[in-house]
């Protein structure tokens with residue numbers, strides 16, 4: 001069994017003026033499920049703790065829970081319990097438990113020099129959506145899709161390490177490289193249509209999977225989800241990143257202001 | 001395996017002006033461990049999610065974690081992970097996992113007509129401490145002791161149901177009776193020295209265990225902890241309570257204002 005816990009806070013992870021309640025419910029659970037996916041785990045059960053403010057009336061809470069439960073049902077994860085309290089701002093803590101064959105859980109620490117680096121889907125969509133507030137990118141920001149099926153497939157492919165892109169590709173890949181004691185040299189990355197390179201590198205909330213394999217993949221699509229080889233793992237200062245031969249700052253949050 | 005999750009929120013469950021950081025850390029974990037005790041479970045691991053405000057400087061957080069970890073070490077429960085975020089008010093969500101022999105976990109729903117009702121320790125101390133802010137009662141409010149050892153012993157004694165007293169004896173016993181479809185007739189309850197009957201019946205945060213047994217106990221002490229028979233389970237409107245023959249309102253929070 002593997003476990004993950006993730007906070008989802010008003011004005012930190014969502015704004016009630018911008019985010020429909022159903023999307024907030026969806027995203028609360030998607031964050032937990034994405035962590036399970038990155039470990040190659042299958043969902044077993046989840047717990048939800050909610051701190052509820054005065055502004056959240058019954059219809060809002062109903063819609064929030066409907067969004068949560070729709071994704072839970074589709075993902076086959078029962079909501080087994082939780083806690084309720086009052087607070088001025090809405091806060092949720094999602095705990096997700098998954099099952100994975102003993103000793104097989106994917107970690108950040110298993111990448112080895114020479115491994116190939118892959119990413120699912122396209123990057124920067126959620127950041128673009130947050131900027132524009134409309135269209136497919138906004139929908140992607142509101143309702144990210146945890147890559148559970150791909151996560152399980154990574155076990156069969158013999159992936160050496162994986163992480164989900166929640167804080168931006170550069171930052172999360174940096175964490176993976178630090179944990180593995182390796183470096184990463186990127187060639188190019190697949191961008192969401194309309195997203196800038198900065199959004200693709202440093203935008204959060206995409207919830208795609210980055211993973212490393214000892215050999216290149218034959219297929220470039222898994223269940224309609226594109227998979228792109230974006231570079232190789234190398235030796236050197238642990239955590240160091242490069243893109244097209246140039247050093248890449250993992251803490252790209254500032255860059256993000258000037259795409 | 002059994003799981004519990006419990007929020008611990010600034011200005012709801014503690015005030016930073018009154019509560020030392022170490023006590024807040026202790027209490028965060030004690031709430032989770034008390035739930036494990038009420039299920040007869042042995043601690044396995046815990047997860048801690050923290051939302052940290054600007055006022056919480058490094059010394060405060062260190063002291064908070066020291067209080068948390070001191071109880072964790074003493075209780076043999078490793079802190080296996082968690083999450084961190086920023087928020088204006090401090091918030092913690094504790095997830096505790098415990099182990100119990102399959103099918104043996106104590107529940108609220110197992111009490112049967114004729115069972116004897118017991119409570120550990122003395123009631124109302126935490127409420128008295130909150131009122132006076134001093135002495136042994138205040139210490140009890142700050143650092144409740146989860147009854148893990150007693151919880152495990154309840155399995156051996158064949159307890160039929162149990163719950164921890166977190167929201168007041170009347171309210172929590174009402175929940176147990178509702179879940180079991182029974183009533184409870186109380187004779188008298190053991191009060192913390194100086195506590196009023198209202199504080200003993202309706203004061204929260206005592207974290208003693210209330211449990212039901214099919215036969216009276218021989219001993220009235222377990223590992224220096226007094227155990228008191230406070231009444232019997234009966235038939236009737238599920239959840240109904242009485243004290244010394246008088247109906248007892250389980251939602252006694254208002255009464256609490258006029259002890």
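Couple of notes before you dig in:
- Sole exception among (1) more than 19 Å from residue B:4 (Cα to Cα); (2) crowded, with 24+ Cβ neighbours inside 10 Å for residue B:134, by number: (2)
- Here residue B:102 passes the criteria (1) in contact (Cβ under 8 Å) with a residue 12 or more places away in the chain; (2) away from every other protein chain (no Cβ under 14 Å); (3) closer than 19 Å to residue B:160 by Cβ except the one numbered (1).
- Residue A:170 touching a helix residue (DSSP H, G or I) at 6+ places or on another chain (Cβ under 6 Å), surrounded by fewer than 24 Cβ atoms within 10 Å (Cβ to Cβ) and in a helix (DSSP H, G or I): no
- Boolean, residue A:71 is out of contact with any strand residue (DSSP E or B) (no Cβ under 9 Å at 6 or more places or on another chain) and surrounded by 15 or more Cβ atoms within 10 Å (Cβ to Cβ): yes
- Hey, residue A:92 within 10 Å of chain B (Cβ to nearest Cβ), surrounded by 23 or more Cβ atoms within 10 Å (Cβ to Cβ), under 16 Å from residue B:9 (Cβ atoms) and touching a residue at least 12 places away in the same chain (Cβ under 8 Å) or not: yes
- The selection criterion, being at pLDDT below 95, surrounded by fewer than 17 Cβ atoms within 10 Å (Cβ to Cβ) and over 20 Å from the mean Cα position of the chain (by Cα), holds for residue B:103.
- Flag for residue A:15 being within 24 Å of residue A:169 (Cα to Cα), surrounded by fewer than 19 Cβ atoms within 10 Å (Cβ to Cβ) and either in contact (Cβ under 8 Å) with a residue 60 or more places away in the chain or out of contact with any helix residue (DSSP H, G or I) (no Cβ under 9 Å at 6 or more places or on another chain) (or both): yes
- Flag if residue A:110 is surrounded by fewer than 21 Cβ atoms within 10 Å (Cβ to Cβ), within 30 Å of residue A:12 (Cα to Cα) and in contact with a strand residue (DSSP E or B) (Cβ under 7 Å, 6 or more places away or on another chain): no
- In the set B:164, B:205, only one residue is crowded, with 16+ Cβ neighbours inside 10 Å, on the phi > 0 side of the Ramachandran plot and within 16 Å of the chain's Cα centre (by Cα); that residue is B:205.
- Qualifying positions in the stretch A:74-83 - surrounded by fewer than 18 Cβ atoms within 10 Å (Cβ to Cβ) and more than 8 Å from every other protein chain (Cβ to nearest Cβ): A:74, A:76, A:78, A:79
- Considering the stretch B:68-160, the qualifying strands (runs of 3 or more DSSP E), each wholly inside and each with 3 or more residues that are touching a helix residue (DSSP H, G or I) at 6+ places or on another chain (Cβ under 6 Å), run over B:91-99.
- Evaluation of residue A:65 against (1) surrounded by fewer than 19 Cβ atoms within 10 Å (Cβ to Cβ); (2) assigned to a loop (DSSP other than H, G, I, E, B); (3) away from chain B (no Cβ under 14 Å) (one fails), failing number: (2)
- Matching option when the condition is facing another protein chain (nearest Cβ under 10 Å) and under 15 Å from the mean Cα position of the chain (by Cα), among B:11, B:6: B:6
- Qualifying positions in the stretch B:208-229 - under 17 Å from the mean Cα position of the chain (by Cα) and modelled with pLDDT under 95: none
- Residue within the stretch B:17-28 that is in a helix (DSSP H, G or I), over 21 Å from the mean Cα position of the chain (by Cα) and more than 14 Å from chain A (Cβ to nearest Cβ) present: no
- Selection over the stretch B:35-62 of residues that are part of a strand (DSSP E or B) and either over 18 Å from the mean Cα position of the chain (by Cα) or within 14 Å of chain A (Cβ to nearest Cβ) (or both) gives a count of 9.
The values are calculated or read from the model by the stated rules, or taken from the named source; none is laboratory data. None of the values given here were measured: they were computed from a predicted structure. Heads up, the Cβs are rebuilt from the backbone with ideal geometry, glycines too, and the neighbour counts pull from every protein chain shown.
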